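Remarks on the structure that follows.
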Amino acid sequence: MVAKKVIRMGHPTLRKEAQKVDPSEIASQEFKEILVDLYDTMKSEGGIGIAAPQVNISKQICLIELPENNERYGHLSSSPLFIMVNPVITIVDKTLQGFWEGCLSVPGLRGFVERPKAVQIDYLDENGISQKIIAENFLATVFQHELDHLFGKLYIDRITDLTKLSYTEEFAEFNGAKKEDSLDE
Ligand code: ZN
C-alpha cells in the first residue's frame, strides 16, 4: 500500500457530505485497502487523524491515533487507533474549549478554534461492530475536527476570531505558543 495524495482546500470533495458506508462493504478487500491507505497516508503526513474525503474518497470513514511518546504530542495523552465508519456525534458538554488547529488539507496554517468540551461518538468499527466513545478535552477537539471532514466542513469555517489565523512559521515566532500545542489532521 502507498500513501495517497492529500487533497487541499478548494477541491470540491472536501466540501461535500461523504456517503455512508454500506455495512456489507466493511468485510471487503477494497474496504480493507482503503483503511491501510488512510493509515499510511496519515503516518507519512505526520497527522493524528485523517478522513477518507482528504484522499478524495467521499465515504464516511476516519482514523484517529494520538501516538505514544511522540515528540510533538508527547505532552498530550496518547490514544489507541480509532477506525470510525458512519460516525454520529452528540454533544455531551457544550462548554467551549479552544485549541490551535491545523489540517493536512489546509497546509501551512494554524487557527484557533473553540469547540464543545465533550462529545459522544456512535460508530461502526473496522469489523462492522457498533461502538460508542465519549471523548473529552483535547481528544474531543480531535474527533470533532475529523468528523467535520465527513460533512464538508473545514476547521477554518469554525474560527470565530480571524485574527487568530496564522501561518505556521509566524505562529511559532509570534504566538508564544509552541508548535506542539496545535494539531494536524
Ligand atoms: Zn483536517
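How many residues, within region 78-91, are over 16 Å from the mean Cα position of the chain (by Cα) and closer than 30 Å to T163 by Cβ?
Here the count works out to 1.
Got a sec? Which of L96, L76, L104, L81 is of a type outside the set (K, R), under 15 Å from A51 (Cα atoms) and either modelled with pLDDT under 95 or surrounded by fewer than 20 Cβ atoms within 10 Å (Cβ to Cβ) (or both)?
It is L81.
For the subset of region 51-73 comprising residues that are modelled with pLDDT of 95 or more and more than 13 Å from the chain's Cα centre (by Cα), which member is surrounded by the fewest Cβ atoms within 10 Å (Cβ to Cβ)?
It comes out as N56.
Restrict the check to region 16-25 and report whether at least one residue is touching a Pro at 6+ places or on another chain (Cβ under 9 Å), loosely packed, with under 14 Cβ neighbours inside 10 Å and not in a strand (DSSP E or B).
Scanning region 16-25, I find at least one residue that is touching a Pro at 6+ places or on another chain (Cβ under 9 Å), loosely packed, with under 14 Cβ neighbours inside 10 Å and not in a strand (DSSP E or B), so the answer is yes.
The values are calculated or read from the model by the stated rules, or taken from the named source; none is laboratory data. Note that the structure is predicted; figures quoted are calculated from it, not measured. Ideal geometry is used to build each Cβ from the backbone, glycine not excepted, and the neighbour counts take in all protein chains shown.
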